[in-house]
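The values are calculated or read from the model by the stated rules, or taken from the named source; none is laboratory data. Predicted model, so just to flag it, every value in this text is computed and none were measured. All Cβ positions, even for glycine, are placed from backbone atoms using ideal geometry, and neighbour counts span all protein chains on display.
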Amino acid sequence: MWIVSALLFVTAAIIFLLKKIYWWTIAIPATIISQFAILGSWGDAKFGTIANAFIAAAIIFGWGDSSPASAANAPTENPKKDRILSAGA
């Protein structure tokens, strides 16, 4: 399980560095597999849970960035409407 998790983490990191918004879809199974591997070796690897918690937080932010709701703040094709929206905020 460790090698599968490690390969998925490396893949997610490469996708993240390539600035693709779907990197978190690879990091989710990597984190889950990693946590199961940690549970299997709890005495030696329990502190890996802390790393997984930080990765899980990053996944939540990555998911939020790529969700359709984040498009609500994207600029529109109408600059006048953008000025009106930003003035009201």
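List of remarks:
- In the range 1-49, the residues that are out of contact with any helix residue (DSSP H, G or I) (no Cβ under 8 Å at 6 or more places or on another chain), of a type in the set (A, V, I, L, M, F, W, C), in a loop (DSSP other than H, G, I, E, B) and closer than 19 Å to Gly62 by Cα: Leu18
- So Leu85, is it more than 20 Å from the chain's Cα centre (by Cα), part of a helix (DSSP H, G or I) and modelled with pLDDT of 90 or more: no
- Residue in the range 21-30 that is at pLDDT 95 or above and not hydrophobic (A, V, I, L, M, F, W, C) present: yes
- Selection from the range 17-54 of residues that are touching a residue at least 40 places away in the same chain (Cβ under 8 Å) and hydrophobic (A, V, I, L, M, F, W, C): Ile21, Trp24
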